[in-house]
Amino acid sequence: MNTSTDITTVPFHGHSLFLVEHEGQPYTPMKAIVEGMGLKWQPQHRKLNESRFKPCITEMVMQLPGDDQRRSVTCFPLRKLPGWLMTISPNKIKDASVRERVIQYQNECDDALWAYWSDGIAINPRITLTPAHQRGIQKAVARRCQALPEPARRSAYSRIYSHLKDRFEVGSYKDIDDSRYTEALGAVQSFELDGEWIDGKAPVEALIIDAPRAKHWAEYTVGELIGESTAHGQISQALNTLRRAARSGVHVNVRDMEAIDHEVAALRHIAEQALNRVDAITANLDCVQRHADIAERTWTGSIGPAVAMFDQVLAANMREHLGVLSRLLRYEIQRPRLAFAS
């Protein structure tokens, strides 16, 4: 157990997260992150200790800001945080507000902590649009509206700015979080306007990603997600749609991505199962390897010399065979690991 006193507080969406240096690397106390998302600490702590991330956990003794005493705190390396966050499936969370916070942490938490660790400042999501970004929004709106026939322009301005206020829940577009400037530009560019024309031609219809859930992630088979049939999966179809949009410059409207979320969860589950199988195979081969080594040592040290007194050829052949078996097992132990890594 390590002792640490150098703690940095990082404000994040109304909560306090923490950074602490350990062996020259940034670590973060996990309880603050879990409870900041609105999840219960004890179940998540148990899952963390039972997961593949267990070797990354470090217990440190410290007194966190707001606590009245020093205590053991479960800390996690910041570089591993994004991987752990993505093991949480928002679709399994019934509470909409908690689900939204989990997605928010998955999208922003590690970036904010890294920014604070690297630059000494956190990404503050409450900073409103800078003057330069306000002008960027104004120009984007103007470009959309100027492409319309003259009679439709005035109402188009009003509709786009109303859309921005509704989408980002602000009183004015100027109050949008500056960290969401790119998202705001996308909202302006993707907003559908009646009577929109491009180069005097008929309106270009936006591409659509609509992937409602057909079944639960646990119902997917390996063949459906890995192999030739993956071309029919929702992930592949969504990627194809995005490629078409990138080539043509057409907007993409996303209606439902729940099936994609479940395919991703199924792939993660398959990968974890494969890793567990590799570990089990390796453990069995390790056991056989140890027995082979013992047999080789026993033969070389005692049985072999006794047999050699009667038959030197037999003794030499047995020693050679045991050596080959031992080397073969070492190769077989490494093969599943190398196959999984590739």
### Task
Among residues belonging to the range 242-276 that are β-branched (Val, Ile, Thr) and either in contact with a strand residue (DSSP E or B) (Cβ under 9 Å, 6 or more places away or on another chain) or closer than 28 Å to residue 193 by Cβ (or both), point out the one that is modelled with the lowest pLDDT.
250
### Query
Would you pick out the residues in the range 135-161 that are under 17 Å from residue 185 (Cβ atoms), modelled with pLDDT under 90 and among the polar types (S, T, N, Q)?
146
### Message
Quick test for you: out of 61, 34, 73, pick the one residue that is within 17 Å of the chain's Cα centre (by Cα) and modelled with pLDDT of 90 or more.
### Response
34
### Message
Looking at the range 1-30, I want the residues that are assigned by TED's automatic domain parsing to the domain that holds residue 101 and have a partner that is among the hydroxyl-bearing types (Ser, Thr, Tyr) and modelled with pLDDT under 85 with Cβ atoms under 7 Å, at least 6 apart or on another chain. Which pairs are those?
### Response
8/116; 10/116; 19/116; 20/4; 22/4
### Message
Condition first: among the basic types (Lys, Arg) and either assigned to a loop (DSSP other than H, G, I, E, B) or under 30 Å from residue 128 (Cβ atoms) (or both). Now tell me which residues in the range 7-46 satisfy that.
### Response
40
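The values are calculated or read from the model by the stated rules, or taken from the named source; none is laboratory data. Keep in mind it's a predicted model, so treat the numbers as computed, not measured. Cβ atoms come from the backbone with ideal geometry, glycine included; neighbour counts cover every protein chain shown.
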